[in-house]
Amino acid sequence: MTVNRDFFVAVFFFVLSAVMFVASYWLPEPMFGQLPSWTWPRVILVPLGFLSLILVMQSQRGGQERVELSELGRWFKENVNPFICFGLFFGFLYLMPVLGMLLGGLIYVFLTLSVLGGWKPRQLVLHAGISVFFVFGMWAVFSLALGVVLPEGTILRVY
Amino acid sequence: MFENIALAAPELFTLNTMLLMVVGTVAGLLAGAIPGFTIAMAVVLVLPFTFSMSPVQGLATMIAVYVGGLSGGLMSGILTGIPGTPSSVATTFDGYPLARSGKAGLALGIGVWSSFFGGVIAAVILMLVAPQLARIGLEFQPVDYFSLVIFALTVTASLSGDQMVKGLMSGLLGLLVATVGSDVVFGQPRFNFGVDVAEQGFAFLPVLVGIFAFGRLLGDVKTKEKAHQPLGGEAQVVHIDYLQAAREVLRRWGNVLRSAGIGVFVGILPAAGSTISNILAYDQAKKTSKEHEQFGKGAIDGIIAPETANNATAGGALIVMMALGLPGDIMTAIMLGALLVHDVIPSPSFISDEPKIAYSIFLAFFVANFMMLGLQSFTLRGFVLITKVKLYMLTGVILFYTALGMFALNNVFWDMWTLFIFGVVGFFMRALGFPIVPLVLGVVLGRIAEARLSQVYARSDDIAVFLSRPWSLFFLLLACFSLVFPTYQKQRGKAAWTRYYPTALLIVMAYPVFLMPGSVRPVVAVLMVLAGLVMAGYQFKRGSVPQQSK
């Protein structure tokens with residue numbers, strides 16, 4: 001058996017379908033003889049599980065190479081920028097109740113630009129300028145012009 | 001029709017709306033010109049600004065961005081050889097060589113006029129066909145709709161080519177995502193696994209933006225080198241030769257009409273957008289041209305065909321969305337989202353129930369093409385400036401903006417988490433070779449499909465209704481054929497059975513058409529059978545040995 005990328009994906013989808021299928025048994029009973037809430041998910045999950053099995057078979061037939069641990073490490077290394085950006089975005093959302101959209105946005109955009117663009121003093125000044133201009137600009141457009149109540153965070157809360 | 005146009009015109013032709021459309025067209029032209037920045041992304045970014053507008057203003061602005069984006073791709077394609085959007089890939093084949101031969105102004109002019117004619121022809125077809133198709137749509141019952149959704153998903157998956165299994169899995173995953181939160185019929189919690197906030201489910205716009213924009217942007221800045229790349233190549237401002245270009249395009253009106261027809265037809269097909277139509281039209285133009293040896297070296301027909309087709313595709317996609325309320329691609333899925341935000345629910349009765357909005361959309365599509373024509377020269381200067389910006393700067397700012405925009409959608413914090421979750425999902429799906437479009441359409445169509453299924457269930461518990469209703473049977477049979485289509489394409493000319501695929505398609509599809517009411521459709525069905533038999537006879541006469549193996 002070749003343990004390649006598609007094999008892992010297929011197993012993941014098969015397990016997902018199985019878990020969701022089991023979870024569909026916990027759903028509440030229908031009322032008034034209408035369509036039970038589990039019917040549609042099961043209509044989806046059965047073919048999804050079946051297709052996962054087909055993908056397992058395809059993964060064994062195809063010319064994909066075996067996944068080595070070093071390959072996986074290299075892939076993560078090649079994609080380090082997106083992972084850092086995801087991490088920063090997670091932090092931005094997680095700290096939103098404290099920092100709010102304005103402060104959080106300024107810090108988030110500045111950090112993202114610096115991670116992707118570099119940390120030299122000139123670059124930092126440029127990134128700070130871009131962050132202030134765009135974040136403050138968009139915050140002003142949405143909160144002042146469009147009247148959207150954006151999260152202000154505990155730091156900037158005025159009441 | 002004319003009274004509806006008269007009803008919509010005062011709503012659309014206001015100073016505010018026209019100004020918004022001008023801004024939208026410029027934004028679309030610039031976004032379309034930037035390689036790696038898709039039109040869908042541009043429309044998504046404009047969407048939050050439309051929340052506070054009236055439905056007509058909001059939709060007109062988005063249509064302006066859409067039309068601008070479709071035409072913007074030609075600027076970078078012709079001047080730098082890098083297509084601004086996938087819909088202008090074929091434009092570079094001849095546009096760039098013509099520009100390099102010192103006729104950049106003429107090449108741009110031809111592209112602009114072709115886009116204009118493609119858009120205008122599609123706008124006329126849209127106005128004439130959409131109301132008629134909506135009338136047919138009124139015949140649809142929930143069971144037919146459900147089958148239509150299944151057909152749309154199978155076609156989308158089949159367009160994934162070799163990756164059809166992954167395409168189908170992607171579509172099913174999208175449908176599954178749409179089940180999370182609460183069920184459609186009673187709103188009972190479903191698959192929230194004890195997380196209260198998950199009861200809200202995943203709003204489809206944050207899902208769509210997460211998968212499509214978020215994942216893609218991060219994919220573009222994977223390495224430091226890529227992140228530091230400027231947005232465009234070495235573009236220079238040139239003078240667009242409008243007059244000479246118009247003469248050249250009008251002299252080739254046959255190519256314009258054919259390419260517009262291809263564009264509209266491809267637009268009507270689910271998931272087959274301008275990415276496909278521009279190449280198809282280019283291929284047809286090359287086959288039929290008397291100067292086909294000039295193709296690839298700066299042939300004028302080679303610029304006209306893709307640029308006409310990609311703008312016409314937008315009209316085709318809007319026909320289906322307006323007439324049946326079903327999105328056929330990412331762009332119309334976003335449009336559908338915008339309509340829902342403004343409490344407008346597209347369905348076959350949409351055009352007759354909301355003539356003001358519907359005809360405003362038709363008119364806006366028409367007007368946007370004129371704006372695009374006038375604003376191209378002006379935008380060209382902006383494009384040359386923007387090309388100097390580095391990719392990472394755009395990425396950082398847009399990531400923040402998408403979060404802000406998705407929050408503004410419903411003032412719900414969870415929507416930003418949805419954006420993040422599906423950003424990660426989209427990134428991994430791409431990395432693992434899964435097509436993204438079926439996933440997005442699955443999310444959009446999931447709740448529609450479940451609602452229709454529940455209506456079918458409420459009326460009857462007999463599953464045979466899926467086969468006894470002509471339209472339902474029609475779509476299910478088409479879905480079956482679309483599943484075989486990738487194999488047919490791969491094996492065509494190699495396996496004997498592929499010679500009988502079109503014949504079988506015609507004869508089998510004739511059965512549900514024959515069952516349809518009225519006197520015209522049974523006649524059409526008989527003609528389909530006759531055509532199928534003639535084709536079968538012709539193939540049989542050619543012998544049983546496959547053509548290419550002779």
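Readers should treat all values here as calculations from the given coordinates under stated rules, not as data from a laboratory. Since we're looking at a predicted model, the values are computed, not measured. Every residue, glycine among them, receives a Cβ derived from its backbone with ideal geometry; neighbour counts consider all protein chains shown.
For the pair B:Phe13 and A:Ser70, a Förster radius of 45 Å applied to the C-beta separation gives a FRET efficiency near 0.10, rounded to the nearest 0.05. Computed from Cα atoms alone, the Kirkwood hydrodynamic radius reported for chain A is 20.6 Å. Across peptide A:124-130, the average count of Cβ atoms from other chains found within 10 Å of a residue's Cβ is 1. Free of any GluC sites (Glu not before Pro) that DSSP assigns to a loop and that have at most 16 other C-beta atoms within 10 Å, the longest stretch within chain B is B:292-550.
Roughly how many Å is it from the Cα centre of segment B:1-41 to that of segment A:80-129, as a whole number? That distance is 33 Å. Estimated purely from DSSP H runs of n ≥ 4, each contributing -39500 (n - 2.57), the mean residue ellipticity at 222 nm for the protein assembly as shown is -24000 deg cm²/dmol once divided by its residues. Shown for B:Asp343, B:Asp283: other C-beta atoms within 10 Å of each C-beta, ranked fewest to most, produce the order B:Asp343, B:Asp283. Toward the positive end of the charge dipole of the protein assembly as shown, with +1 on the Cβ of Lys and Arg and -1 on the Cβ of Asp and Glu, the farthest Cα among B:Phe13, A:Leu102, B:Thr92 is that of B:Thr92. Taking Cβ atoms as reference points and 15 Å as the exclusive limit, the residues near B:Ile240 contribute a net charge of 0, counting Lys and Arg as +1 and Asp and Glu as -1.
Taking Lys and Arg as +1 and Asp and Glu as -1, the other residues whose beta-carbon sits under 14 Å from that of B:Gly181 total -3.
Of the residues B:Val264, B:Gly325, B:Ile304, the one whose Cα sits farthest towards the positive end of the charge dipole of segment B:245-357 is B:Ile304 (charges of +1 on Lys and Arg Cβ, -1 on Asp and Glu Cβ, taken about the Cα centre). Ranked by the mean number of other Cβ atoms within 10 Å per residue, highest first, peptides B:400-408, A:21-29 order as B:400-408, A:21-29. In the structure shown, the pairs B:Lys166/B:Lys490; B:Lys103/B:Lys287; B:Lys286/B:Lys541; B:Lys166/B:Lys226 are assessed against 22 Å; a Cα-Cα span above that value is assigned to B:Lys103/B:Lys287; B:Lys286/B:Lys541; B:Lys166/B:Lys226. Can you classify segment B:413-530 as rounded, prolate or oblate using the Cα gyration tensor, where a ≥ b ≥ c are the square roots of its eigenvalues, rounded means a/c under 1.5, and otherwise it's prolate if a/b beats b/c and oblate if not? The shape class here is oblate. With the biggest extent put first, the Cα atoms of segment B:120-276 measure 66, 55, 31 Å across the principal axes. Please give me the summed charge of the neighbours of B:Ala134: other residues whose Cβ is under 12 Å from its Cβ, Lys and Arg +1, Asp and Glu -1. Net of charged neighbours comes to -2.
Taking the three principal axes of the alpha carbon atoms in chain B, the coordinate ranges are 67, 65, 53 Å, sorted in descending order. Inter-chain Cβ neighbour count for A:138-146, averaged per residue, equals 3 (cutoff 10 Å, partner chain atoms only).
Over the C-alpha trace of segment B:11-112, radius of gyration and Dmax come out as 14.9, 48 angstrom. To the nearest ten degrees, helix A:5-23 and the longest principal axis of the Cα atoms of chain A are 80 degrees apart.
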